[in-house]
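Heads up: the structure comes next, in structure tokens.
The values are calculated or read from the model by the stated rules, or taken from the named source; none is laboratory data. Please read these numbers as outputs of a predicted model, since none were measured by experiment. Here Cβ is always computed from backbone atoms with ideal geometry, including for glycine, and neighbour counts include all displayed protein chains. All accessible areas refer to the heavy atoms of the entire protein, side chains included, with ligands and DNA or RNA removed. Shrake-Rupley method; radii C 1.70, N 1.55, O 1.52, S 1.80 Å.
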Amino acid sequence: MKKGDILEGMIEHVDFPNKGRVMTPEGTVTVKNGIPGQRIRFQINKKRKNQAEGRLLEVLEPSPLETRAPQCSSFPACGGCMYQTMAYEDQLRMKEQQVKTILDAAITQAGQVDASGAPDYVFEGIKGSPHEFAYRNKMEFSFGDEYKDGPLSLGLHKKGSTYDVLTVSDCQIVHPDMTAILTCVLEYFRAYPPVSSETGGSDNVMSSGIVGQIAETNRKDTLNSKNDGVENTVLSRASEQDVEFSRKDVSGSKADSVSGTTVSGVGAQCDNSAQKDMSGSRADSVVGTVESGVGAQCDNSAQKDMSGSKADSVVGTVESGVDAQCDNSDQKDMSGSKADGVAGTVESGVGAQYDNSDQKDMSGSKADGVVGTGESGVGTQCDNSDQKDIRNSRTAEMEECADRIPLYYHKMSHKGYLRHLLLRRAETTGEILVNLVTTSQKDYDLTSLVTRLMSLSLDGTIVGILHHINDSVADIVRADETRILCGKDYFYETVLGLRFKITPFSFFQTNTLGAEILYSTARDYIADTRDKTVFDLYSGTGTIAQLLAAVAKEVTGVEIVGEAVEAARENARQNGLTNCHFIAGDVLKVLDDLPNPPDMIVLDPPRDGIHPKALPKIIHYGADRIVYISCKPTSLARDLQVLIPGGYRVEKACCVDLFCSTVHVETVVGLQRKDI
């Protein structure tokens with residue numbers, strides 16, 4: 001067996017999380033995304049001494065456990081709900097066995113065994129979710145495309161892909177209200193491209209042309225006219241060459257950005273030379289645009305004698321062309337006119353040529369951005385030469401053709417506008433928050449989108465529409481700035497009789513009714529809290545802390561997310577709890593500053609478990625009981641192998657399924673100090 005080999009076999013069983021084991025004559029191969037009993041074809045993609053991993057290529061025969069048809073059209077490409085063809089009871093049995101196997105091994109290895117060497121604790125099985133479908137109260141959808149240069153999509157990433165996004169228009173684990181909102185937002189940006197508040201004017205556009213040519217020539221003697229945007233832009237790709245030379249005789253003038261810039265172009269040439277005789281003139285963006293073209297031709301030449309004139313948006317645009325050439329030559333004698341951005345830009349093209357020549361003698365004029373730019377190309381050449389005699393002029397800033405920023409954010413280039421759609425819906429009230437996450441690279445008027453969303457016929461009610469600005473290069477949902485477009489930025493959810501304020505980014509279990517089962521189990525495991533001091537570490541919005549505070553002497557919650565802490569404090573006030581306090585900070589650091597040891601501790605850490613340095617501090621408190629809630633049993637198992645030797649024993653454990661049809665499951669473990 002070697003890397004690249006294509007083999008066939010049957011998945012004997014599946015370990016957490018979704019690791020199928022296929023037996024071959026040369027050993028066991030791990031193949032993800034399968035179901036026990038499936039006969040599959042797979043390719044070896046990793047091979048070490050005693051380990052081999054394969055990539056699933058094809059399911060040759062379904063498993064006997066697959067007793068129903070796929071529940072959505074995106075299966076199995078999406079990869080989110082890999083068990084949806086199994087009956088829910090079979091899903092529960094498989095998850096239960098997966099977790100028990102992990103806990104048995106960890107507890108045995110830690111030395112907590114009976115006389116026969118078996119793990120000595122009580123495993124109480126698994127508790128299912130009240131709803132198998134439409135259970136999620138939060139979803140994060142991504143903007144993108146399903147294939148390179150395909151139409152805009154909005155949904156979830158394709159299985160195994162960082163870039164391809166599937167439009168999940170019939171996802172079964174979300175409420176139909178969320179699907180309706182997703183569809184509305186997608187159709188809005190697909191069919192009705194919004195108008196940017198930064199740009200205006202008219203565009204002459206030629207799409208998919210071979211030797212497409214736009215000629216706007218011999219604009220002469222256009223007295224007292226208005227010329228705000230005559231743009232010449234070639235959009236191209238790969239390698240880089242920058243040429244900025246021969247800026248001569250700029251006497252008494254201010255030239256902020258007279259530049260020839262090439263970023264990764266292919267054989268593209270830009271020439272912004274010889275800008276002559278624009279005495280006292282200002283031409284606001286003389287632009288002709290070629291996008292994704294090879295050898296297409298744009299000509300905005302011979303714009304002469306525009307004395308005292310301003311021409312508003314003379315735009316020549318060629319998209320997806322071959323054999324592209326742009327020429328903005330002989331823009332002469334524009335005395336007393338206004339030229340803000342004479343821009344030559346090459347982006348995403350092969351062998352494109354750009355010429356903004358003979359723009360000379362702009363004495364007493366104001367040229368805000370005389371720019372020759374090539375982005376994303378190989379062998380691109382930009383020439384901004386012989387810019388002479390620009391007396392008393394001011395060239396303010398280089399323009400990057402902001403109107404050509406991609407509609408959705410591209411992870412490699414870090415360019416684009418649309419990033420995510422975050423939806424939250426209260427299970428008990430039906431209140432909905434719509435959160436659009438974009439970059440700041442464009443500034444669209446979203447009024448009409450708000451109108452469309454508010455006119456939807458939904459079971460619930462949209463109580464807030466928010467626009468979050470996120471300029472981080474990381475592919476995460478976050479906000480540098482939040483703008484409330486409509487309504488408010490929160491709603492309330494009810495769990496076990498208590499009200500909780502939910503904000504866009506605060507942590508809250510994604511299955512509300514399942515969370516009631518989870519928290520009830522945790523409360524039972526911690527037993528009587530009457531007159532006890534409790535620490536709730538990794539407390540989120542304080543759900544567990546407040547459920548315990550009703551009878552406890554005092555509860556202190558620690559949470560690193562400041563927004564969640566503020567929500568927890570407000571929730572406690574709303575619920576009339578005065579013995580519940582919350583601290584914002586990292587558990588590892590805050591533990592050093594908590595003076596009074598607790599009687600009981602609740603642990604509900606992130607997926608990766610508790611920081612190894614925090615575990616000894618937790619053990620040092622010597623709390624009588626610890627309840628550990630985990631969404632990743634392998635992390636729980638690792639931490640148990642520290643807690644058990646540290647003086648605790650596992651009394652009982654069980655699973656709670658909050659994530660139907662997926663590979664995930666919650667686990668609750670009750671521990672007690674050995675010496676009591």
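For region 139-158, the tally of residues that are out of contact with any Phe, Trp or Tyr (no Cβ under 9 Å at 6 or more places or on another chain) and touching a residue at least 40 places away in the same chain (Cβ under 8 Å) stands at 4.
If the condition is being open to solvent by less than 20 Å² (accessible area, probe 1.4 Å) and either more than 33 Å from the chain's Cα centre (by Cα) or of a type in the set (Val, Ile, Thr) (or both), then region 2-36 contributes 9, 11, 14, 22, 29, 31, 35. Apart from one condition, residue 28 fits all of (1) in a strand (DSSP E or B); (2) closer than 24 Å to residue 129 by Cα; the exception is (2).
Total residues in region 584-610 satisfying the condition of being closer than 22 Å to residue 509 by Cβ, out of contact with any Ser or Thr (no Cβ under 6 Å at 6 or more places or on another chain) and buried (at least 17 other Cβ atoms within 10 Å of the Cβ): the figure is 9. In region 7-31, the residues that are without any contact (Cβ under 8 Å) to a residue 12 or more places away in the chain reach residues that are surrounded by fewer than 15 Cβ atoms within 10 Å (Cβ to Cβ) and not in a strand (DSSP E or B) with C-beta atoms within less than 9 angstrom, at least six apart or across chains, in these pairs: 25/1. Within region 628-676, the set of residues being farther than 30 Å from residue 69 by Cα and in a loop (DSSP other than H, G, I, E, B) comprises 644, 645, 646, 647, 674, 675, 676. The number of residues in region 486-503 that are under 20 Å from residue 178 (Cβ atoms) and open to solvent by 10 Å² or more (accessible area, probe 1.4 Å) comes to 8. For region 520-572, the set of residues classified as among the hydroxyl-bearing types (Ser, Thr, Tyr) and open to solvent by 40 Å² or more (accessible area, probe 1.4 Å) consists of 538 only.
Of the strands (runs of 3 or more DSSP E) lying entirely inside region 115-191, those containing at least 3 residues that are within 27 Å of residue 433 (Cβ to Cβ) span 138-145, 152-157, 165-167. Tell me whether region 571-592 contains one or more residues that are under 30 Å from residue 85 (Cα atoms), touching a residue at least 12 places away in the same chain (Cβ under 8 Å) and not polar (S, T, N, Q). Within region 571-592, not a single residue is under 30 Å from residue 85 (Cα atoms), touching a residue at least 12 places away in the same chain (Cβ under 8 Å) and not polar (S, T, N, Q).
Filter region 467-488 down to the residues that are within 15 Å of residue 433 (Cβ to Cβ) and either of a type outside the set (Val, Ile, Thr) or in contact with an Asp or Glu (Cβ under 9 Å, 6 or more places away or on another chain) (or both) and list them by number. Selection gives 467, 468, 477, 479, 482, 483, 485, 486, 487, 488. Residue pairs whose Cβ atoms lie under 7 Å apart, separated by 6 or more positions or on different chains, with the first residue in region 169-185 and within 15 Å of residue 430 (Cβ to Cβ) and the second open to solvent by 20 Å² or more (accessible area, probe 1.4 Å) and basic (Lys, Arg), are 174/136; 175/425; 177/425; 178/425.
Restricted to region 111-131, and to residues there that are touching a residue at least 12 places away in the same chain (Cβ under 8 Å), surrounded by fewer than 18 Cβ atoms within 10 Å (Cβ to Cβ) and not hydrophobic (A, V, I, L, M, F, W, C), the residue that is nearest to residue 645 (Cα to Cα) is 111. Is it the case that region 407-421 has a residue that's touching a strand residue (DSSP E or B) at 6+ places or on another chain (Cβ under 9 Å), more than 19 Å from residue 145 (Cβ to Cβ), open to solvent by less than 10 Å² (accessible area, probe 1.4 Å) and outside any loop (DSSP other than H, G, I, E, B)? So far as region 407-421 goes, no, none of its residues is touching a strand residue (DSSP E or B) at 6+ places or on another chain (Cβ under 9 Å), more than 19 Å from residue 145 (Cβ to Cβ), open to solvent by less than 10 Å² (accessible area, probe 1.4 Å) and outside any loop (DSSP other than H, G, I, E, B).
Scan region 42-51 for residues that are surrounded by fewer than 16 Cβ atoms within 10 Å (Cβ to Cβ) and among the charged types (D, E, K, R) and jot them down. Matches in region 42-51: 46, 48, 49.
If you filter region 55-89 down to residues that are surrounded by 15 or more Cβ atoms within 10 Å (Cβ to Cβ) and over 33 Å from the mean Cα position of the chain (by Cα), you find that the one that is nearest to residue 671 (Cα to Cα) is 65. Please verify whether residue 481 is more than 24 Å from residue 601 (Cα to Cα), charged (D, E, K, R) and in contact with a Phe, Trp or Tyr (Cβ under 9 Å, 6 or more places away or on another chain), treating the condition exactly as stated. Considered against the rule, which asks whether it is more than 24 Å from residue 601 (Cα to Cα), charged (D, E, K, R) and in contact with a Phe, Trp or Tyr (Cβ under 9 Å, 6 or more places away or on another chain), residue 481 comes out as no. Here residue 629 does not qualify as over 30 Å from the mean Cα position of the chain (by Cα) and at pLDDT 95 or above.
Selection of region 543-567 for residues being closer than 26 Å to residue 175 by Cα and either part of a strand (DSSP E or B) or in contact with an Asp or Glu (Cβ under 7 Å, 6 or more places away or on another chain) (or both) yields only 544.
Would you confirm, using the coordinates I've provided, whether residue 196 is surrounded by fewer than 17 Cβ atoms within 10 Å (Cβ to Cβ) and either modelled with pLDDT of 95 or more or not aromatic (Phe, Trp, Tyr) (or both)? So residue 196 passes the test.
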